[in-house]
Amino acid sequence: MNTQQDKSEYSSKILETLLTKESDFIIEDTLESGMVLNMGPQHPATHGVLRLLIHIDGETVVGCVPELGYLHRGYEKIAENSTYHEFIPHTDRLDYLAPLSNNTAFALAVEKLAGIEIPKRAKYIRMIISEMARIASHLVAVGTMAMDVGAMTVLLWTFREREKLQEIMDILTGARFTTSYTRIGGVASDWTSICTEKLKKFISEFPTNLEEIEKLLNTNRIFLERTEGIGVISKEKAIAMGLTGPNLRASGVDYDVRRAFPYLDYENIDFEVITYSEGDSLARYFVRVDEMKESVKILRQCLDKLPSGEILSHDPKRVLPHKVNIYTRMEELIQDFMLINFGLTPPVGEIYSSVENPKGELGFYLVSDGTGYPWRCKIRSPSFVNLQSLPILVKGHMVSDIVAIIGSIDPVMGEADK
Amino acid sequence: MISDQLAEILGNKIIAYLITAAIPLFLFLVPYALYAVYAERKVSAFMQDRIGPNRVGPKGLLQTIADILKLIQKEDIIPKSADKPIFVMAPYVVFMGTFAAFAAIPFSSVFIGSNINLGVFYIMAVSSFSVIGILMAGWAGNNKYSLYGAMRSVAQIVSYEVPALLAIVSAVMVIGTLNLNEISEMQTARFWNWWIFGGPLQGIQKFLLIVPMLVAFVIFFVASLAEVNRTPFDIPEAESELVAGFHTEYTGMKFAIFFLAEYGNMFVVSAISTAIFFGGWQSPFGYLGNSFSIPLLVPIEQVFWFLFKSLSLVLVQMWLRWTLPRLRVDQLMAVCWKYLTPYAFVNLVLIGIISLI
């Protein structure tokens, strides 16, 4: 009874606040002041199912409201109902252009929560796959951005390069797309000599092929005019909007999780954090291209330094044993049974762990209540955060620029909608 | 001409023209468009490290025929809110503009649909007719994307006609005739008599004309790319922005007719360039028919040379499409009014002075 009274009291209060001057909203007459164009969710340039409501005056964008959630699958809730191991395949479907780095990010978060130390070889394999994923993702970003401004051929050329990486991923993980490669405490399968061979071949060929792709764009006046000075975001604004990754570095902020909070073995690797100061679409494109070159550098070092040894840490209560041993040995079978049924049980506590994904900072905030299931799993997905800068970026530009800007932000809706 | 003789025999000019011009041209246009689409797909595939269509028929040669058969079977959807008569008429208006232009194209000294004295003028006038069709299509579809495409298209075609016509006028000033057949005829014997190399003139005048003529050709070619809505000026149907531009709402054969018109237009502008700048149906080295004294062979050779030159230019258009990005609408206007038109004017004056020498 009491609550009922409260409710009515509240609703009258809400009505009161709604009717006051500060919270009124104007419904504009579309006929009077331009047109509302609905772009997406089925639109060739919105990179998935992004929907934009664009208020335009002629060809100029007056306002833009991005609408997300068309690909929402409730991954944060799913995480609460699955063990830490069970959630790894779901991370493939976050940023589906770079599933390997998502796997790494989640495994690192759980290891931080549970306090598991992983072998050095596993660390290096994880670095290699993260950089491979970065190149693969940036190739798509560059290709689709070029396609959005009309240069179709670049896309196919970047996919040709990406295909070589996919092949290595296929050999390494057994899948091209849904890799689910990392395990809590290591990785699923060992890096083989065939992979080394293929990756070395790729590394030696890639810079020249990338140059070929660059030649089509960097000196092309139409491409430069379409991207230069388009969608400019200042350093301060970029930080305020929470941009991360290449989009932030294109605005001149020298922030890279690999450098700022080194994880895996990145502190022992020599690489540069690419920054540009312009903050426009062209700068974002340049950052991606240069980062690919840096990734090649990292890959080369990782291959040289790749230590031998175990790929899973020996921690029977928390780390899944090798599949071969499960089928042949009693102890491992029991261990596997226990882990699959009850999950690994990290101590009560909460952690935030983030990695530098191709799209930006991918963070996992895990809260454990001591059971086998996370009490809460918050995913800080870079695409979601990056997209909120879209209304600022497109304002005042033309309809054609919207696609160039979306292409330069490079959102992946699987990640933005979670 | 054949049609006039046939008209005398039949006693009816319309039937004579139908038999000698309209039907053969249509029989040329449709297979040409089919194989131009196939060629475009193959060209793009080679440029992009792909294979392209290779399933239907040997080397995929029957692919576009299969596509057309599929399009014929498709349901012909007319949106509920569309302006029905205009919506239905639009593709035919667009196609009409293209097909009418074919009438004055000189395929050889014997075969020309209609040998009118104002050939160049007629083609330019008639081919801009398709703008109306595009505007109709964009308006009638009652779709914002279509409308945008149509608006851009009209703005683009109308403005690019200015530099295109200026380039042609500057060339015609030296040539001295608008009859495409005569223009082709005077560029006889060897390829250095083509107008792009200064034409059949003599001495200093020919030498001075080479550069302005080249400029005129480039201006005309760039402007004609815009007129046929090809990349880098394909903003009316900019796929990544406007879905499919003015023909977003069209399905089935109506959609196919737009494509037919587009590829037809590509050929028309290439044919004009060929006829004015590249010697038309003239062979670059003389005729086999003359050297073997088989006079019947000569017109066939002329058709071959004309098609060869025109289709090469079509190939260049395809090549550009798969290489270049697309301009934005304001940049497009800037290119037209700030660069092409002033240069075309300067060129016009230059050629005028040279022709006075």
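Quick notes on this one:
- Entry remark, region B:182-217: residues being at positive phi and either among the polar types (S, T, N, Q) or assigned to a helix (DSSP H, G or I) (or both) number 1 in total.
- Looking across region A:165-180 at every residue that is touching a residue at least 24 places away in the same chain (Cβ under 8 Å) and outside any helix (DSSP H, G or I), the one that is surrounded by the most Cβ atoms within 10 Å (Cβ to Cβ) is identified as A:Thr179.
- Of all residues in region B:184-193 being surrounded by fewer than 22 Cβ atoms within 10 Å (Cβ to Cβ), of a type outside the set (D, E, K, R) and touching a residue at least 40 places away in the same chain (Cβ under 8 Å), the one that is nearest to B:Val174 (Cα to Cα): B:Asn193
- Spans of helices (runs of 4 or more DSSP H) in region A:222-338 with at least 3 residues within 14 Å of chain B (Cβ to nearest Cβ) and either under 21 Å from the mean Cα position of the chain (by Cα) or among the small types (Gly, Ala, Ser) (or both): A:281-305
- Region B:302-334 - residue that is in contact (Cβ under 8 Å) with a residue 60 or more places away in the chain and more than 24 Å from A:Gly143 (Cα to Cα) and, of those, nearest to the other protein chains (Cβ to nearest Cβ): B:Met333
- Lone qualifier among A:Val355, A:Val399, A:Val385 - being aliphatic (A, V, I, L, M), crowded, with 19+ Cβ neighbours inside 10 Å and at pLDDT below 85: A:Val399
- All of A:Ile298, A:Ile334, A:Ile340 fail the test of being β-branched (Val, Ile, Thr), buried (at least 18 other Cβ atoms within 10 Å of the Cβ) and out of contact with any Gly (no Cβ under 8 Å at 6 or more places or on another chain), apart from A:Ile298.
- Restricted to helices (runs of 4 or more DSSP H) entirely inside region B:270-357, those with at least 2 residues that are surrounded by 14 or more Cβ atoms within 10 Å (Cβ to Cβ) are B:297-321, B:329-334, B:341-356.
- None of B:Phe107, B:Phe129 is within 25 Å of B:Pro24 (Cβ to Cβ) and free of Cβ contacts under 8 Å to residues at least 60 places away in the same chain except B:Phe129.
- Check on B:Val154, among the hydrophobic types (A, V, I, L, M, F, W, C) and free of Cβ contacts under 8 Å to residues at least 24 places away in the same chain: yes
- Given (1) free of Cβ contacts under 8 Å to residues at least 40 places away in the same chain; (2) out of contact with any Ser or Thr (no Cβ under 9 Å at 6 or more places or on another chain); (3) not small (Gly, Ala, Ser), number of the condition A:Arg183 does not satisfy: (1)
The values are calculated or read from the model by the stated rules, or taken from the named source; none is laboratory data. Predicted model, so just to flag it, every value in this text is computed and none were measured. Cβ sites come from the backbone with ideal geometry, for glycine too, and all protein chains shown count toward neighbours.
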